[in-house]
Each structure stands twice: as C-alpha cells, then as structure tokens.
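Please read the structure below before turning to the comments.
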Amino acid sequence: MADRRPVRRRSPREAEPPGMSPRRAALRLMDAILRRGDPLDVAMHAAAQGLTGPDRAFAIAIASEALRWMVDIDALIDGATAQILPDDVKSRAVLRIALAQLLVLKSPGHAVVSTALPLVDGGPRRLVHAILSRAQTEEWQLPDRATLPLATAERWAEQWGLAMVEAAEAGWSAPPPIDLSFAVEPDPREWPEAVSLAPRQRRLPRGQAVESLPGYGEGGWWVQDLAASLPARLLGTGEGRTVLDLCAAPGGKTMQLAAAGWKIIAVDASTKRLERLGANMARTGLSAEIVQGDIRSWEPVAPVDAILLDAPCSATGIFRRHPDVLHRIEPRQIDEMASLQAALLARAANWVKPGGVLVYATCSLERAEGEEQISAFLKANPSWSVEAPRAGELPAAIVPDRDGFIRTLPGLLAEEGGLDGFFVARLRAPSG
Ligand SMILES: C[S@@+](CC[C@H](N)C(=O)[O-])C[C@H]1O[C@@H](n2cnc3c(N)ncnc32)[C@H](O)[C@@H]1O
C-alpha cells in the first residue's frame, strides 16, 4: 500500500546556506537608501527587522561599507564585464554588497559567494559568480582612498577647492574615531588609551561597542563628535540663565548645556526623537524642560538670554559615519533645507533678549546652509553682529574665518582622526 503521509516540501529558504539573513537585510538597506532615498537609520528599522546583535551589526556594516566604497566597487564591476549592468539592477546590488564583504570586511570568499548567489533571484548568476571568482583569483584591491560620488566631488571642489575633496576622501575611507563628551572633566588616569582634544572630551580608537565602554550605565559621558560639541561651547557657562535649545533632539547639545549650568527649554518637532532626548537626559541625570513643537508655529512665552539653533540640514558634514548621505542628497534638498533654516532663524531671532546671543549651527558642508545663510541674515538684520570665538574658547586648531565664523572642513585635525563638517556662527542681538 502506498505511503499516504503528506510530502513536506522544502521551502527555497531551507536550502539556503547559513548567514543569509544579514546579507538580505543589507540588500534591503541599500535598496531603501539608493532607490527611495531613506536615511540609513530610518531604513534600518524596516530592513533589519527581526535581526538582533551581531547579525544586525553585520548587516549595517555591509551596507555602510558598500556605500562608502560604491564608486570604486562599481568601477571594478564595470571593468570586469562587457555586459552593462544598469545601476538599479539586482545583480549589481548583490555584487556591491558581496565585494564590500570581500574587499573591505575581509569575509571568507566561500561564504561571500555562497550567500551572494541565492540573492540574484533569477538574474545572471553565472555572471555574478564569474565576477566574484575573478575578484578572488586576481586578488582585487580597492584604492587607498574611497572616491566620492561625482556630484558631491564637483560641488565641493567648486565651493572649497580640490584639496578639500582629497581630504574628504581620506576622511571617508574608514569609519571615524569615537568622541565622548563628559558632564565634568574626567580624571586624567581614566581612559588611558584616549586622547583629549578639548576640555571634557576624549577621543577613542574606532570600532568599539559604545555600550561596553566603562561608565555607560552611570551616564557621565555621551557620544558626540568634537565638531558637534563646538556650538554649545560657544555659549559658555549658564549660571542659571535660560537658553532655548531649538531643534534639540536627540540632545547631545542639550546635555552639554545642562552640564554647563544652563536652564534649558529644549524644543523639537519630532516626538520620537524627543523620546531619545528624554532617555539621554535620564541616563546622564541632567535636566531640561522638554517641549514638542514646530518652530515655524511654536513660540516661547518670554524672550530668553540665549538661543542655540542647531538647524535641520542636508547633514553632508557627517558623511564619515553616515555614508548614505552623499548618495542621497541632491542640490534640490540643499535648497529646501536652506529655505527652512532661513525661516527658523528669522523666527528665533525675535526670541532673544536685547544684547543676548544666538548660536546657529549646521552639520553641513554646503555654504548655502552656513556662510551664505548667516550673511543673508546679517544683511537683513544689520543691527546684529557676529561674535567670533575668543582665544581659549575652542581647541587651538579651530580658528574662525575672516567673518568670525567657524567652519570645520575635512583635513582639519586629520592626524588626530579628523572632525565632522560643521558650520557655527555666534550672533549678538542689538542691545536695545
Ligand atoms: C541636527 S538635528 C538636532 C540635533 C540636536 N541638536 C543634538 O545635538 O542632538 C535637527 C533637529 O531638528 C528637528 N526639526 C526639524 N524641523 C523642525 C521644526 N520645524 N521645528 C522644530 N524642530 C525641527 C528635527 O526633528 C531634528 O531633531
């Protein structure tokens, strides 16, 4: 008699080699960033859903390195085949993440090939296999410096010159070191492996898990690039005076201001980001009044002593730790951000007491979001003035330009591991 037990069909996934989940997630991440224009941290929530711990970290590392080296990886792919693979075709995407594993993350070749082929999904598997085999037998290498996307390189060369583009490529070629900001100056015997570039700051070599660093639970420090700490440094100590921290979340600068003795009203439009700000303040035991509001319509009940406007921007200055940015941002978005910044700045300027101070900052390497923004503001508000940093207020290597603005460009403090690209201006209101 025939065996009538139901035949259990194997799903295609069951036959898959181990390690597919982080690679699939990396592919989804790349798609969300390059096709939909989502930022990496937004794309991560959907693409890496269900992944935890090392798998999640591996997915993010694959996508990040594929984006950082994408121009050079594409050149290798194009040099290896006469067949033109369109930019958005699956096989190119698979090759990008596979070559990032092979050439940057140094994953074993057999694991890279066996996990790449199932991802091609009816595409040219033989071609993908042939290119990955060649990469190994010919021992392909990436150049010393990761090439910037052409549009960015052209835009930055026009604004800052070729030397800046070269410095940006050097800075982009590896994830940056980890900078910590401290509420109070740490004991010099703590953090023996760290370098101090400014008061209440320590720089650690890259690649460490932040949660495992000593004192994370106690909340005496937070992660913040040295450049991002400059705007709050320009406000000095608060001595109980009130500062409006506009566009405050997730709160790196709020924590600095609280530690410096300011009474803070921290405003941000994003409820989700304000939750992170609240968690950061709780972890560090610092306090601020937290307000959800859109600065285009919200306003304070009374003028304040000082304002920090850390305006939303293209974020092209943080390209070293967010390699998605330079593949997503186009001139149209820079223009839109510049218009929004002008509107926020115009409103914020009404809320400073006579003789008070307003610090404007963006993590952008676009003049339209920095120098040009403040020049236009000063033209429209000639009674306001720029107050350049005084000696000792900032690390000695960070000097104002001839207009009194702070501009951190790639190449600055390069030997020490570089800085994010920031623009900061301290503006003084007329005294009445
Ligand atoms: C550069 S981030 C701020 C970073 C923050 N200052 C820090 O140090 O952690 C810009 C912030 O602006 C907020 N934002 C954007 N448009 C806004 C608006 N119209 N009103 C209030 N907040 C806004 C965003 O939600 C985002 O949190």
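The values are calculated or read from the model by the stated rules, or taken from the named source; none is laboratory data. As the structure is a prediction and not an experimental result, all values here were calculated from the model. Note that each Cβ is placed from the backbone with ideal geometry, even for glycine, and that neighbours are counted across all protein chains shown.
Below are the figures for this structure:
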item: Among residues of the stretch 234-272, those that are crowded, with 23+ Cβ neighbours inside 10 Å and of a type outside the set (A, V, I, L, M, F, W, C), counted; result: 6
item: Residue in the stretch 156-170 that is in contact with a helix residue (DSSP H, G or I) (Cβ under 8 Å, 6 or more places away or on another chain), on the phi < 0 side of the Ramachandran plot and part of a loop (DSSP other than H, G, I, E, B) present; result: no
item: Hits in the stretch 76-99 (condition: assigned to a helix (DSSP H, G or I) and free of Cβ contacts under 8 Å to residues at least 24 places away in the same chain); result: 78, 79, 92
item: The stretch 335-355, residues that are surrounded by fewer than 19 Cβ atoms within 10 Å (Cβ to Cβ) and assigned to a strand (DSSP E or B); result: 353, 354, 355
item: Per-region count, the stretch 226-270, residues outside any helix (DSSP H, G or I), of a type in the set (A, V, I, L, M) and within 9 Å of the ligand (Cβ to nearest atom); result: 6
item: Cross-chain or 6+ apart pairs with Cβ under 9 Å, the stretch 291-313 first and without any contact (Cβ under 8 Å) to a residue 24 or more places away in the chain and within 20 Å of residue 271 (Cβ to Cβ), then among the polar types (S, T, N, Q) and within 11 Å of the ligand (Cβ to nearest atom); result: none
item: Single match in 186, 192, 199 (criterion: of a type outside the set (A, V, I, L, M), in a loop (DSSP other than H, G, I, E, B), surrounded by fewer than 20 Cβ atoms within 10 Å (Cβ to Cβ) and touching a residue at least 24 places away in the same chain (Cβ under 8 Å)); result: 186
item: Pair list, Cβ under 8 Å, 6 or more apart: the stretch 350-367 residue assigned by TED's automatic domain parsing to the domain that holds residue 339, other residue more than 15 Å from the ligand (Cβ to nearest atom) and among the polar types (S, T, N, Q); result: 354/431; 355/431; 365/159; 366/159; 367/159
item: Any hit, the stretch 152-164, residues being closer than 30 Å to residue 222 by Cα and modelled with pLDDT of 95 or more; result: yes
item: Search result, residues across the stretch 202-225 that are free of Cβ contacts under 8 Å to residues at least 60 places away in the same chain and either on the phi > 0 side of the Ramachandran plot or within 14 Å of the ligand (Cβ to nearest atom) (or both); result: 207, 215, 223, 224
item: Condition met for residue 358 (more than 12 Å from the ligand (Cβ to nearest atom), of a type in the set (A, V, I, L, M, F, W, C) and assigned to a strand (DSSP E or B)); result: yes
item: Unique residue being modelled with pLDDT of 95 or more, under 24 Å from residue 369 (Cα atoms), more than 14 Å from the ligand (Cβ to nearest atom) and not in a loop (DSSP other than H, G, I, E, B) when the list is 332, 273, 320; result: 332
item: In the stretch 124-148, the residues that are surrounded by fewer than 16 Cβ atoms within 10 Å (Cβ to Cβ) and under 22 Å from residue 86 (Cβ atoms); result: 126, 129, 130, 134
item: Criterion: in the same structural domain as residue 320 (by TED's automatic domain parsing) and at pLDDT 95 or above - qualifying residue of 205, 231, 186, 192; result: 231
item: Test: residue in the stretch 56-71 that is under 22 Å from the mean Cα position of the chain (by Cα), farther than 27 Å from residue 333 by Cβ and surrounded by fewer than 21 Cβ atoms within 10 Å (Cβ to Cβ); result: yes
item: Checklist (1) in contact (Cβ under 8 Å) with a residue 24 or more places away in the chain; (2) within 12 Å of the ligand (Cβ to nearest atom); (3) under 24 Å from the mean Cα position of the chain (by Cα) applied to residue 339, failing item; result: (1)
item: Considering residues of the stretch 203-225 that are part of a strand (DSSP E or B) and under 26 Å from residue 65 (Cα atoms) only, the residue nearest to the chain's Cα centre (by Cα); result: 223
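Condition check ((1) under 30 Å from residue 109 (Cα atoms); (2) in contact (Cβ under 8 Å) with a residue 40 or more places away in the chain; (3) of a type in the set (A, V, I, L, M)) across all residues:
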position: 134; (1), (2), (3): yes, yes, no
position: 140; (1), (2), (3): yes, yes, no
position: 146; (1), (2), (3): yes, yes, yes
position: 151; (1), (2), (3): no, yes, yes
position: 157; (1), (2), (3): no, no, yes
position: 162; (1), (2), (3): no, no, yes
position: 168; (1), (2), (3): no, yes, yes
position: 179; (1), (2), (3): no, yes, no
